[in-house]
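Working notes for the structure below.
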Amino acid sequence: MCGIVGYIGNENACDIIIDGLKKLEYRGYDSAGIALYKEGKIQVRKYKGRIANLEEHLKNEVFDSHVGIGHTRWATHGAPSDENAHPHTNGDSTIAIVHNGIIENFVKLREWLETEHQVTFRSETDSEVIAHLIGLYYEGDLLEAVYKATEKMEGAYAIGAIAAAEPDRIVAVRKDSPLVVGLGEDCNFIASDIPALLKHVRKIYLIENNETVLLTKDQVKIFDQNRKEVKREVFHVTWDADAAEKEGYDHFMLKEIHEQPKGIYETLTRRLDESGKIALDGISLSKEDLDRIDKVYIVACGTAYHAGLVGKYAIEKFAHIPVEVDIASEFRYRDPFVNDRTLFIAVSQSGETLDTLAALREAKKKGARILSVVNVVGSSVARESDDVFYTWAGPEIAVASTKAYTTQLVCMYLIALYMAQLKGVIAQEEYRRILEELKAVPDKLREFLKKEKSIEELAKKQYKRESAFFIGRGADVGISYEGSLKLKEVSYINSFAIAAGELKHGTIALIEQDTLVVALATQDQLYDKMLSNIQEVKARGAYVIGIAKASNREIEKQANDVIYIPDCADEVAPLLAVVPLQLLAYYIAKLRGCDIDKPKNLAKSVTVE
Ligand code: AGP
């Protein structure tokens with residue numbers, strides 16, 4: 001997510017804004033910039049790279065400005081670069097803006113501004129459109145110009161804007177992306193997030209959707225979408241800075257588990273056109289290209305590999321193309337059978353995992369078409385791919401991957417449906433049914449997350465375990481692997497996942513009195529088989545936690561505990577089934593006093609062999 005900070009007051013705006021941006025670094029970013037009013041002009045300094053790089057460039061300049069806006073960018077449109085960094089300005093730099101969010105109709109607006117108003121764009125971003133729109137409507141009143149500009153815009157945005165002709169004010173507006181206002185003595189602030197302001201203020205206005213804010217150094221006015229001034233309760237922040245970065249959650253992992261409905265929504269809906277059909281930006285795979293593909297490899301590591309296991313089911317079921325899923329560290333050394341009829345899909349949250357990058361290069365060398373599913377825009381895996389399909393999970397801070405994983409699953413489904421549609425092998429009814437099921441997941445997940453405390457209660461019964469087994473069938477096998485990895489990673493409990501049907505071929509020898517077995521039974525057509533597997537391990541004394549759809553109550557007769565997920569189609573059940581396992585791992589680890597966000601021996605991105 002991008003970070004926004006704005007200041008207007010009597011102090012040095014540059015220092016205050018830079019310091020505030022540093023408090024937002026935890027959100028992840030790839031470039032940083034600042035716009036300051038000075039002697040009738042707006043000065044902009046913005047660079048790819050860390051805030052320290054921006055400071056390096058600023059150190060030889062003295063900015064005794066008292067009003068400004070700053071930004072840390074998490075790229076969504078346009079790779080990290082100086083030009084794509086914020087703030088953005090209109091043509092004559094009399095307006096500067098910073099933006100967090102995605103302007104969904106920016107392509108149309110950009111074309112309109114270029115053709116109807118001869119605007120020249122300097123970046124590839126959607127955000128730059130905002131600066132030109134405000135500049136177009138500006139007639140001496142920044143608030144009015146922002147109103148008019150936002151009337152043209154669709155999508156999500158938190159915007160801060162300043163005008164050279166009005167150095168005594170900042171205007172901000174919020175729609176879907178977070179925005180807060182800090183209330184100081186003879187000074188006021190805007191920010192994307194409370195941590196940026198905690199050093200200076202504890203009194204905050206939480207800005208609501210479709211509200212516009214006018215700040216001077218001694219006054220803040222909030223207006224609703226009818227331009228009517230609204231009164232707002234002051235929110236008194238009691239958190240410390242560290243807690244504020246987690247927005248009140250105890251750990252980034254828990255915060256990111258709760259961010260999944262939003263991540264799934266954003267990754268999904270922004271790839272559906274007005275008619276609801278899949279429109280994959282950045283994917284140039286044509287029907288001719290696809291007709292030449294006779295095999296798909298999905299190659300990744302860890303959690304990303306587990307996403308590939310679900311992707312296999314989706315692509316084979318919908319697109320009827322054989323898929324092989326492989327871990328990158330093996331793929332790259334076994335001289336894989338790859339040629340120019342192979343589609344190689346690399347999945348990677350960081351886009352910097354060396355094993356995955358090396359496997360991608362190996363496949364490329366052999367002539368494969370490279371498509372990557374990546375969360376970090378402009379990362380190495382993204383840059384070396386023919387096509388990139390970004391997950392829009394936002395920066396994932398916890399080492400244990402959660403929201404990146406579920407958004408990777410969404411990408412797998414979209415790629416599978418997109419290919420099926422291109423090949424003409426899916427009935428329109430089936431295509432729409434699955435899309436409707438996917439669109440229903442965010443709300444179902446929000447509903448499910450309200451049951452979080454019941455899973456914490458389950459964890460209290462299990463956290464002293466020394467081992468655990470995860471079993472499942474069909475698409476639940478991949479979820480079993482992922483649930484097992486989550487538990488291992490954050491609680492250090494020795495956990496093992498296996499296809500349920502494989503238990504009897506040896507592993508069941510390990511099941512004894514009170515062995516914990518987590519049984520996933522979300523696939524309707526394999527439900528009865530799973531009930532048999534539960535009986536099989538119960539007969540040997542296992543303690544079973546079942547995961548099943550809400551309407552499948554039979555499992556209660558077999559399992560010791562059951563976690564129900566909302567009813568849904570088998571195909572999309574993995575998106576819901578993994579969340580109870582994430583929460584179970586989290587609460588068990590918390591009860592064991594583990595370092596959840598930074599587990600021992602682990603790194604967020606494994607850039608070594
Ligand atoms: C997942 O929780 C782990 N942090 C780890 O397995 C991770 O998924 C793996 O290292 C791959 O990372 P990537 O997605 O950034 O390539």
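Under 16 Å Cα-Cα from Lys600, which aspartates and glutamates qualify once same-chain neighbours fewer than 8 residues away are excluded?
Correct list for Lys600: Glu489.
Mind checking which aspartates and glutamates have their C-alpha under 17 Å from Lys312, skipping anything on the same chain fewer than 8 residues away?
Once the sequence-local aspartates and glutamates are set aside, what remains near Lys312 is Asp294, Glu324, Asp326, Asp476, Glu482, Asp570, Glu571.
Evaluate the charge dipole of the stretch 320-366 about its Cα centre and quote only its size in Debye, nearest 20, assuming +1 on the Cβ of each Lys and Arg and -1 on the Cβ of each Asp and Glu.
Roughly 200 debye for the stretch 320-366.
Treating the Cα atoms of the stretch 464-504 as identical point scatterers in vacuum, please give the log10 of the normalised Debye intensity I(q)/I(0) at q = 0.17, 0.24, 0.27, 0.35 Å⁻¹, two decimals.
-0.40, -0.71, -0.83, -1.10
With the crude spin-label approximation of a point 7 Å out along Cα→Cβ, what separation in nm comes out for Ala440 versus Thr607?
Going by the 7 Å Cα→Cβ label model, 4.4 nm.
In degrees from 0 to 90, rounded to the nearest 10, what is the angle of the helix 475-491 Cα long axis to the longest principal axis of the chain?
Tilt of helix 475-491: around 70 degrees.
Starting from the 7 Å offset along Cα-to-Cβ, what nm value, one decimal, do you get for the label separation of Glu139 and Glu466?
Here the answer is 7.9 nm between the modelled labels.
Roughly what angle does helix 428-449 make with the longest principal axis of the chain, taking Cα atoms, 0 to 90 degrees, to the nearest 10?
Approximately 80 degrees, to the nearest ten.
Could you compute the FRET efficiency for Ser532 and Asn494, with r as their C-beta to C-beta distance and R0 at 25 Å, rounded to 0.05?
Rounded to the nearest 0.05, the efficiency is 0.45.
Ranked highest first by average number of other Cβ atoms within 10 Å, how do 383-391, 494-502 line up?
Highest mean packing first, the order is 383-391, 494-502.
Test of understanding: ordering Trp392, Trp112 by Cβ neighbours within 10 Å, fewest first, what list do you get?
Final ranking by Cβ density, sparse to dense: Trp112, Trp392.
What lysines sit close enough to Lys317 to cross-link, taking a C-alpha to C-alpha distance under 20 Å and skipping anything fewer than 8 places away on the same chain?
Hits, sequence-local ones excluded: Lys277, Lys287, Lys295, Lys423, Lys439.
Taking every DSSP beta bridge that has both residues in the chain, what percent is antiparallel when rounded to the nearest 5?
Among the beta bridges of the chain, antiparallel pairing accounts for roughly 60 percent.
Students often check this: by mean Cβ neighbours within 10 Å, which of 78-91, 35-48, 286-299 ranks highest, and how do the rest follow?
My ranking of the peptides, most packed first, is 78-91, 35-48, 286-299.
For the stretch 308-372, what is the convex hull (Cα atoms) projected area averaged across all directions, in square nanometres?
4.2
Mind putting together the pair-distance distribution for the stretch 540-609? All Cα pairs, 5 Å bins, whole percent per bin, short to long.
3, 13, 17, 17, 15, 13, 12, 6, 2, 0
Among Leu290, Thr303, Ala314, flag the residue with its Cα farthest along the positive direction of the charge dipole of the stretch 260-343, charges on Cβ as +1 for Lys/Arg and -1 for Asp/Glu.
So the residue we want is Thr303.
What is the magnitude of the charge dipole of the chain about its Cα centre, with +1 placed on the Cβ of each Lys and Arg, -1 on the Cβ of each Asp and Glu, and no other charges, expressed in debye to the nearest 20?
Computed charge dipole of the chain: roughly 1280 debye.
Could you work out, for the stretch 40-134, what percent of all Cα-Cα pairs fall into each 10 Å distance bin, beginning at 0 Å and stopping at the bin that holds the largest distance?
Bins of 10 Å from zero give 15, 47, 29, 8, 0 percent of pairs.
Treating the angle as unsigned and between 0 and 90°, give the value, to the nearest 10°, between the Cα long axis of helix 106-117 and the longest Cα principal axis of the chain.
It is inclined by approximately 30 degrees.
Quick check: residue separation of Glu554 and Glu114 times 0.36 nm, minus the Cα distance between them. What number comes out in nm?
Extra length available between Glu554 and Glu114 comes to 152.2 nm.
For labels at Phe121 and Asp82 in the simple 7 Å Cα→Cβ model, what's the distance in nm?
Roughly 2.1 nm, to one decimal.
Assigning unit charges at the beta carbon (Lys, Arg +1; Asp, Glu -1) and nothing else, what dipole magnitude in debye, to the nearest 20, does the stretch 271-426 show about its Cα centre?
160
Throughout, read-outs are computed from the coordinates displayed, never taken from laboratory work. Keep in mind that what you see is a predicted model, and the values were worked out from it rather than measured. Every residue, glycine as well, gets a Cβ built from its backbone with ideal geometry; the counts of neighbours run over all protein chains shown.
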